Amino acid sequence: MRIYLDHAATTPIRPEVLASYTQALSAVGNPSSVHQFGQDARNTLEAARESLAGTVGANRSEIVFTSGGTESDNLAIKGLFWQRIAEASNRNVIITAATEHHGALDPIYWLADHQGAEVVLLPVDHRGVFDLAWLDNYLATSADRVALISLMWVNNETGVIADIQSITDLASRYGIPVHSDAVAALGHIEIDFAASGLATMAISGHKVGGPVGSGALVVGRSVKITSLVHGGGQERGMRSGTMDSAGAQAFALAAKLASHSLLDESARLASLSGRLIASISKIAQDAVFSRGDAPGLETTLNFTFPGCSADSMIFLLDAAGVSVSAGSACTAGVNRPSHVLLGMGRTEDEATGALRISLGYTTTETDVDRFLDAFPSVHASAKKAGLPSK
Ligand SMILES: Cc1ncc(COP(=O)(O)O)c(C=O)c1O
């Protein structure tokens with residue numbers, strides 16, 4: 001049996017979700033049709049909206065269903081930027097960080113390249129923690145030029161958890177909207193959108209045991225965004241296109257199950273990750289735990305292994321039946337050191353040896369045993385092979 005320790009890339013669909021999803025897929029009906037089939041599909045969609053809103057502490061009218069995290073980040077960032085710049089043309093600064101996911105970074109740099117945005121990078125320390133004193137100082141002198149702030153709640157590579165509340169407290173003094181990519185946070189930490197002070201928040205189905213291609217942007221009721229897609233005016237005009245009732249229902253159920261099992265699961269997962277951290281540090285004594293002592297998820301463990309190439313370790317682990325990752329799956333196909341670790345001040349050589357081990361609801365003691373059985377020889381071989389020549 002192969003061992004899957006790459007839950008941060010995508011999490012296996014939960015059996016209850018699969019059952020309800022496949023059943024819902026067999027039903028016909030466009031939620032915008034007035035006949036009974038349409039109304040049944042509408043009821044499924046609205047029940048999903050209500051349920052998801054409850055799970056993330058939002059109002060049902062604040063949920064905009066999308067195809068996932070990338071689309072939600074794009075809608076929030078471009079939508080907020082266009083809205084804010086239309087209100088005041090000097091407001092073109094987007095504050096973000098080099099450690100953000102590409103789903104957020106790329107639309108921001110697209111706005112810089114094509115629409116006159118100015119990107120200002122918030123410094124992060126070597127653990128990946130945002131420098132909020134810097135943000136405080138920057139806003140004190142330049143707040144009137146800021147269109148929006150986009151900072152993720154939990155980093156998908158290192159698992160570091162941001163102090164979102166302090167960020168929104170600072171931004172609210174100047175009325176600046178804050179978007180957060182909460183894709184890696186949902187189902188891992190408690191999320192209360194209403195209390196967070198966020199303007200918008202991106203979430204995705206396949207990271208919580210729902211189907212790939214489902215997700216949502218939570219948009220505060222008083223927040224205005226310009227739509228990316230124009231058409232039938234679905235989702236309060238923010239996301240036109242026939243709604244996917246089955247996908248929305250499956251996503252809402254997965255989010256509920258993941259969030260409800262947080263407390264029950266956290267002790268079990270903490271014990272598994274504690275064992276992994278202690279054993280890896282013993283096997284590879286020069287390994288560096290990337291987020292250090294910063295607050296982070298039990299389920300996402302990122303290490304750098306000096307003198308080793310992550311690609312060699314992944315290949316050797318895979319041959320031993322254990323699947324882990326070098327960082328973000330969205331860029332893993334490209335053989336480059338993680339931009340997140342580089343953003344945290346690691347050298348290219350250090351970032352080349354970064355491995356991410358991510359656990360989830362299916363992870364067992366046996367999975368951890370299998371990883372720890374394979375790892376000593378994998379690490380020794382990778383160390384012997386050294387870094388790829390440049
Ligand atoms: C933090 C983060 N944001 C956004 C995304 C993109 O989400 P999706 O795959 O649903 O487009 C991912 C997926 O890797 C992610 O980890």
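The lone criterion from (1) within 30 Å of Ala255 (Cα to Cα); (2) more than 12 Å from the ligand (Cβ to nearest atom); (3) of a type outside the set (A, V, I, L, M, F, W, C) left unmet by Ser89 is number (1).
Taking each residue of the stretch 120-133 that is within 11 Å of Ala98 (Cα to Cα) and looking for partners that are of a type in the set (D, E, K, R) with beta-carbon atoms closer than 6 Å, six or more apart or interchain, yields Pro123/Asp131; Gly128/Arg291. Please verify whether Ala246 is of a type in the set (Gly, Ala, Ser), farther than 21 Å from Gly210 by Cβ and out of contact with any strand residue (DSSP E or B) (no Cβ under 6 Å at 6 or more places or on another chain), treating the condition exactly as stated. Here the answer is no, as Ala246 does not meet what is asked.
Looking only at residues of the stretch 274-298 that are in a loop (DSSP other than H, G, I, E, B) and of a type in the set (D, E, K, R), we find that the one that is farthest from His188 (Cα to Cα) is Asp286. Picking from residues in the stretch 322-375 that are touching a His at 6+ places or on another chain (Cβ under 8 Å) and hydrophobic (A, V, I, L, M, F, W, C), the one that is modelled with the lowest pLDDT is Cys330.
Does Arg42 count as of a type in the set (D, E, K, R), closer than 26 Å to Phe193 by Cα and either out of contact with any strand residue (DSSP E or B) (no Cβ under 7 Å at 6 or more places or on another chain) or in a helix (DSSP H, G or I) (or both)? So Arg42 fits the description; yes.
Report yes if Ser166 is among the small types (Gly, Ala, Ser) and surrounded by 24 or more Cβ atoms within 10 Å (Cβ to Cβ), otherwise no.
Judged against the criteria, Ser166 is not a match.
Of the residues making up the stretch 61-83, those that are outside any strand (DSSP E or B), within 16 Å of the ligand (Cβ to nearest atom) and hydroxyl-bearing (Ser, Thr, Tyr) are Ser67, Thr70, Ser72.
Checked against (1) modelled with pLDDT of 95 or more; (2) surrounded by fewer than 24 Cβ atoms within 10 Å (Cβ to Cβ); (3) under 18 Å from the mean Cα position of the chain (by Cα), Ser290 passes all but condition (2). Criterion applied to Leu122, Leu80, Leu105 was being touching a Pro at 6+ places or on another chain (Cβ under 8 Å), in the same structural domain as Asp244 (by TED's automatic domain parsing), of a type outside the set (S, T, N, Q) and modelled with pLDDT of 95 or more, and the one residue passing it is Leu80. Counting the residues of the stretch 199-213 that are buried (at least 24 other Cβ atoms within 10 Å of the Cβ) and not aliphatic (A, V, I, L, M) gives 6.
The values are calculated or read from the model by the stated rules, or taken from the named source; none is laboratory data. The model shown is predicted, which means the values in this text are computed figures rather than measured ones. Because the Cβ atoms are built from the backbone with ideal geometry, glycine has one as well, and the counts that use them run over all protein chains shown.
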